[in-house]
């Protein structure tokens, strides 16, 4: 007599192994997203009273006179920081430090990890010591000693400061990932290229970059999404100024939801940010073929 | 069974979770301790007496309770924990709002009087009218105008803790280098008071100082770098009003706002004020003025004197000789100048376990001797008329001068959306200073954003 299939779901070991991660995702990603979705339909303010305001609340950002400026700033911030620092400079650091002997290259990489390891407030204060617009600042002190004029870079070139300040932190992640990727390239490939007479730039272009394409694409996507929601250093350095010049969407949400206590409005804007992030990830995933590059291995090992 | 277990668990946990509770005191059988929390803020460290006065008030109430405990009531002790914040007022307000929402707010809240509008509107504060009415000698001893700053929709929700005035500081030494006689420097406050020295005159003076190289370019007039009530002073100086008293709605006065924006446009355009003033760290701004590199600090507060003396080492004789103080000049010749007061208020959490006891602690923390000690120690003004009679207080020439400026003072409106309007006005001024907007464009920005963000809470006129 055949055994009747049990109606009770069978708990397998991998279910238990997945449970911590699943709980993490549910409580810290899905649940906040769901709460945000509900809040976006309300006009909740500092009284914390929930009043359902319907689609009108959700669409309120479309009537915001500053939204165009904020979205443009966000695009400038993400593209500039990503290309110049988080990927470009990180790649440069990885290439240069892997060319050096291991101990010296490692020491340089540790130095570039310092901004990430420094508390953000302390890190920004150090930048202020450098960039103080009067002759109390180090840059202006040096400029003055050399007979130059004073600079107020936070006002005259706020994007330069914001991109450098964020990028010096962000570059370290790319640097670590790219270094690991470069070091995993089979050395015979690089040696063969050398034997064939390839110079340093040719080795980078024809051997290294094709070999590390996947990590570069991964870091690009990961850092793009990370930058979209990043505002901490901008808040501390310029607070979005001067006059909204460096106010990005995530900072604008912070100002609305937390500083002005417009939680409903902040949630509606956050929903927009989530939509932008998701769309960006999907488009990038499709265009770059990132999914096919991370296909599962064809060999399966049974334990 | 399970429900009873849960109930027992709740009963066991809840008393420990309450912010204000009573428990037996092991040291004195028959007495009990009332635990209470209070939050207060500087942000300047010299205002630490806000904390110590509350603690002293609690000790005095304890003694009163002990004396009254001879009869049926048991003697009590008050275990008061006071947190003194040195963060910004904005960050402090944020912390309070979230603390109230999460049920973790202290029993006593001391902060800027604008918090009354924000917290009372949300039902977070206990009305104090009944308690004040029961203590007429205490209530009537305050300078009457201060009660308007702690009133919301007709009810009193706070007790004024201290007062201050916003004013303009000028370097007398730099004025002398511009050719001013000692008498002219001395008479300046009277000319300002009579409306004979206006904001335009101050701008002219700043341009002269730059042109004659008495100060470096962009170092003639500096101002605060954050949002705050100070910026409203200019709207009043140009004849504007901030609130429609009939409806309670906030007001954006277009004409006065435009004049204000034109003033800051002129100051930056002609090299009196740096375009990036708001990005200057406070430390830099204060050092610049105290070091005699800047002619005027336009939006100072009375507390700055002590903050500069403790943090930037300018002693009393030097301060008296080299710094002149004036009300913020009028924008319209012949009209009175302006000062904005931003009194601190002590409020009681509507959910405090013992509202009356919390109120009594506040009351005793404002005893005249403590009121005077705080004023002298932090360059603030006393709130009680009897404190004003104190000999040491009356001898202090700086505080005497500040008291004179009180006649020009205005309070920011009590409205929950005031901080948002402050920020919008501040952004407009910032836009003009950095050259991103012309004054007319900045006015349209303020108009449009205020309407979009504040809706029915604001009227543009």
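The values are calculated or read from the model by the stated rules, or taken from the named source; none is laboratory data. Worth saying up front: this structure is predicted, and the values here are computed from it rather than measured. So basically every Cβ, Gly included, is an ideal-geometry build from the backbone, and we count neighbours across all protein chains shown.
The table that follows gives values for the structure above.
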quantity	calculated
Lone qualifier among A:163, A:124, A:207 - being over 22 Å from residue B:283 (Cα atoms) and either within 24 Å of the chain's Cα centre (by Cα) or loosely packed, with under 13 Cβ neighbours inside 10 Å (or both)	A:163
Filter pass, residue B:162 being within 30 Å of residue B:373 (Cα to Cα) and at pLDDT below 95	yes
Subset tally (residues that are surrounded by fewer than 18 Cβ atoms within 10 Å (Cβ to Cβ) and away from chain B (no Cβ under 13 Å)) for segment A:44-58	4
Filter pass, residue B:365 being buried (at least 20 other Cβ atoms within 10 Å of the Cβ) and either out of contact with any helix residue (DSSP H, G or I) (no Cβ under 7 Å at 6 or more places or on another chain) or under 27 Å from residue B:326 (Cα atoms) (or both)	no
Sole residue being closer than 26 Å to residue A:48 by Cα, crowded, with 16+ Cβ neighbours inside 10 Å and within 14 Å of chain A (Cβ to nearest Cβ), chosen from B:91, B:38, B:105, B:85	B:105
Residues located in segment A:217-252, provided they are within 14 Å of another protein chain (Cβ to nearest Cβ), assigned to a helix (DSSP H, G or I) and surrounded by 23 or more Cβ atoms within 10 Å (Cβ to Cβ)	A:234, A:237, A:251, A:252
Flag for residue B:358 being at pLDDT 95 or above, crowded, with 24+ Cβ neighbours inside 10 Å, away from chain A (no Cβ under 11 Å) and in a helix (DSSP H, G or I)	yes
Residue that is nearest to residue B:278 (Cα to Cα), among those in segment B:430-461 that are facing chain A (nearest Cβ under 10 Å) and assigned to a loop (DSSP other than H, G, I, E, B)	B:434
Residue satisfying all of: in segment B:272-294; crowded, with 20+ Cβ neighbours inside 10 Å and farther than 17 Å from residue B:429 by Cβ; nearest to the other protein chains (Cβ to nearest Cβ) among these	B:288
Test set (1) within 14 Å of chain A (Cβ to nearest Cβ); (2) in a helix (DSSP H, G or I); (3) surrounded by fewer than 24 Cβ atoms within 10 Å (Cβ to Cβ) - residue B:261 fails condition number	(3)
Number of positions in segment A:42-55 that are out of contact with any helix residue (DSSP H, G or I) (no Cβ under 6 Å at 6 or more places or on another chain) and over 17 Å from residue A:270 (Cβ atoms)	5
Any hit, segment B:239-257, residues being crowded, with 21+ Cβ neighbours inside 10 Å and part of a helix (DSSP H, G or I)	yes
Residue within segment B:396-412 that is within 30 Å of residue A:57 (Cβ to Cβ), within 11 Å of another protein chain (Cβ to nearest Cβ) and at pLDDT below 95 present	no
Subset tally (residues that are crowded, with 23+ Cβ neighbours inside 10 Å, facing chain A (nearest Cβ under 9 Å) and in a loop (DSSP other than H, G, I, E, B)) for segment B:413-429	1
